[in-house]
Amino acid sequence: MKTVLFCGGFGTRLRDYSDRLPKPLVSVGNRPILWNLMKYYAFHGHRDFVLCLGYRGDLIKRFFLSYDECLSTDFIMTPTHDRRERKVELLGPDISDWTITFRDTGLHNNIAERLMAVREEVREEEMFLANYSDALTDLPLNDLIERFKNSDAVATFVSVRPSNGLSKIETDADGTVTGIDYLSDSVLINGGFFVFRNAIFDYIKRGDELVEAPFRRLIRERKLLTYRYDGFWRAMDTFKDKKKYDDMYESGERPWEVWASAEGPNPC
């Protein structure tokens, strides 16, 4: 099953980084958030990716073109019989079995327009995955897919609690604040993890934003599902989010690394 990753946004709320890098290349630990997300999908068996590029897409291409698995993971180097060459054995499989399609989907296009731009790439797929590329999770992905597969819905998405909380502010007519209610325990938001049937393209019209008009059309036909997930999910929208990820990584608290306990040696 192919996975479409939206990598074209400007990441304006991560201005300190996005002036230099596209948001998907902002690091989580020693690798970009995009790599971590792709590693998550690959762990679940989905290794065929379509990257919808936009802002600084050249840097994303360059990252993968210059990627050396032997420099990005631990390995064992041993001499061969004639001792003129060295054999390298990776201590954790990396990206050698990934297929990645790089598509320029425009500098200013919205998510729906980017999805329409790669329609041909998923034409043969009955179902495909899609993601905003700005959050990580330990969601049991194949449970989500199986539930969707057993429905007649056209689209499903993961609904999560906002990692930074939300608040409802009540005021008088003159702007005097009369109350603040924190809603993070009761409000769910779109977590950016999607599964679509190919019929999703029939619900997108020119100029639409993905989760607005197309999703309303699906709702009217009762063709939209959500999968509520209360486990780990965190977006990286702001500098504060980036700092939280850095702190978690340094402390060893990395719930998104679902692949960490399942790897073995892989020949390089």
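Values as computed for the structure displayed
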{"item": "Test set (1) on the phi < 0 side of the Ramachandran plot; (2) part of a strand (DSSP E or B); (3) at pLDDT 95 or above - Gly192 fails condition number", "result": "(1)"}
{"item": "Residue match in the range 227-235 (condition: of a type in the set (Gly, Ala, Ser), open to solvent by 30 Å² or more (accessible area, probe 1.4 Å) and in contact (Cβ under 8 Å) with a residue 12 or more places away in the chain)", "result": "yes"}
{"item": "Qualifying residue in the range 95-115 (condition: without any contact (Cβ under 8 Å) to a residue 60 or more places away in the chain, touching an Asp or Glu at 6+ places or on another chain (Cβ under 6 Å), farther than 17 Å from Thr3 by Cβ and crowded, with 16+ Cβ neighbours inside 10 Å)", "result": "no"}
{"item": "Output for the range 93-120, where each listed residue is outside any loop (DSSP other than H, G, I, E, B) and of a type in the set (Phe, Trp, Tyr)", "result": "Phe102"}
{"item": "Selected residue [basic (Lys, Arg), open to solvent by 20 Å² or more (accessible area, probe 1.4 Å) and farther than 23 Å from Tyr245 by Cβ] from Arg31, Arg119", "result": "Arg119"}
{"item": "Test result for Thr105, in contact with a helix residue (DSSP H, G or I) (Cβ under 9 Å, 6 or more places away or on another chain) and among the hydroxyl-bearing types (Ser, Thr, Tyr)", "result": "yes"}
{"item": "Output for the range 43-92, where each listed residue is under 27 Å from Arg20 (Cβ atoms), assigned to a helix (DSSP H, G or I) and at pLDDT 90 or above", "result": "Gly57, Asp58, Leu59, Ile60, Lys61, Arg62, Phe63, Phe64, Leu65"}
{"item": "One residue from Glu170, Glu212, Glu250 being modelled with pLDDT of 95 or more and among the acidic types (Asp, Glu)", "result": "Glu250"}
{"item": "Selected residue (only one of Asp152, Asp138 is over 21 Å from Asn110 (Cβ atoms), within 17 Å of the chain's Cα centre (by Cα) and not polar (S, T, N, Q))", "result": "Asp138"}
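The values are calculated or read from the model by the stated rules, or taken from the named source; none is laboratory data. Remember, it's a predicted structure, so these values are computed and weren't measured experimentally. Heads up, the Cβs are rebuilt from the backbone with ideal geometry, glycines too, and the neighbour counts pull from every protein chain shown. The accessibility values were calculated without ligands, DNA or RNA, using every heavy atom of the protein model including side chains. Shrake-Rupley method; radii C 1.70, N 1.55, O 1.52, S 1.80 Å.
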